[in-house]
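To keep things clear, I will list the structure first and then write my remarks on it.
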Amino acid sequence: RDLKTNQLQTHILAGNYTLRDAHNVISLGVDADGYLHMVYDLHGQRLNYRRSLEPGAIDQWTDEIPMTGQRESSLTYPQFLMPTRNGQPGPLLFLARQGGSGNGDAELKIYDTATRTWSDIGTIARGSGQNPWTSNPYWNHPALGPDGSIHLTFTWRTHSLPGNRINNINIDHMVSDDFGHTWHTKVGHELRIPVTQVNSETIRAISPGTNLINQTSSALDSQGRLH
């Protein structure tokens, strides 16, 4: 939308998409050079990703392309993160779950505008392959600080309880000051990455069977306090 004329430009990206599953969300990101990045239609599926051919162009897109080709085979909950530091744009980040409910990991990628390529920061939270049971992190909407910090809060989905009740436990927290490369607790103790259901920082203990829902929201206020 042109803010001077109020003229609205639209473009239809034709394709066969899943319209009846709320998991299959769309995430739109903008890198520091103004190129648009879009990921869409994922529920445990191979990455669907396109990038605009020109900055700000909504009608010129690449074909579906991989980012890095690594850990992109079974993705859900895609989300672009656009941190800023002191008013300047930071690197575009991409967060998604690899794996499935109760058996998945949080994967983070970073975009380089100079080379126009993605690279893998890697698995930052792992629930797959854990003992005595597997799990997966369900993160709330990440909170981004004006200093470039990224606050991630999440619950762990573990095994189902009797009666087929979903089991989410605890609210955990991790924060990064270097655009996702390293993470620490709220008081600055460095975390071993990937965090697991055993070694992540719990800021609110919630016991099994309490009917905690996954995926809500979080934000930082003007004093840097996490809500």
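The values are calculated or read from the model by the stated rules, or taken from the named source; none is laboratory data. Since the structure is predicted, the reported quantities are computational estimates derived from the model, not experimental observations. In this analysis, Cβ positions are derived from the backbone assuming ideal geometry, glycine residues included, and neighbour counts consider all displayed protein chains. Remember, those area values only see protein heavy atoms, side chains included, never the ligands or the DNA or RNA. Shrake-Rupley method; radii C 1.70, N 1.55, O 1.52, S 1.80 Å.
How big is the shadow of the Cα convex hull of region 1-130, averaged over all directions, in nm²?
Averaged projected area of region 1-130's Cα convex hull equals 9.7 nm².
I'd like to check one number: the per residue accessible area of region 1-127, probe 1.4 Å, reported in Å² as a whole number.
54
Quick one: what Rg and Dmax do you get for region 1-61 from the alpha carbons, in Å?
13.5, 42
What is the distance in Å between the Cα centres of region 117-144 and region 45-76?
21
Please state, rounded to one decimal and in Å, the Kirkwood hydrodynamic radius that the chain gives when every pair of distinct Cα atoms enters the mean of 1/r.
It is 18.7 Å.
Would you mind working out the magnitude of the charge dipole of the chain relative to its Cα centre, with +1 at each Lys and Arg C-beta and -1 at each Asp and Glu C-beta, to the nearest 20 Debye?
Magnitude of the dipole: close to 600 debye.
What's the local net charge at Ile213, with K and R +1, D and E -1, over the other residues with C-beta under 15 Å away?
Once all neighbours under 15 Å are counted, the net charge is +3.
Ignoring ligands, DNA and RNA, please state the percent of accessible area on region 5-64 from carbon and sulfur, probe 1.4 Å.
Roughly 49 percent, rounded to a whole number.
Distances over 16 Å make up what percent of all Cα-Cα pairs in region 99-160?
That tail contains 57 percent of the Cα-Cα pairs.
If the convex hull of the alpha-carbon atoms of region 125-173 is projected onto planes in all directions, what is the mean projected area in square nanometres?
Taking a quarter of the hull surface, the average projection is 4.0 nm².
At a 1.4 Å probe, what is the % contribution of carbon and sulfur to the accessible area of region 130-192?
C and S atoms contribute 56 percent here.
Under the definition of Cα pairs under 8 Å and six or more residues apart, what whole-number percent is the relative contact order of region 95-193?
The value is 19 percent.
For Glu190 and Ile26 in the same chain, what is the full-extension length gain: residue separation times 0.36 nm, less their Cα-Cα distance, in nm?
My answer for the length gained is 55.8 nm.
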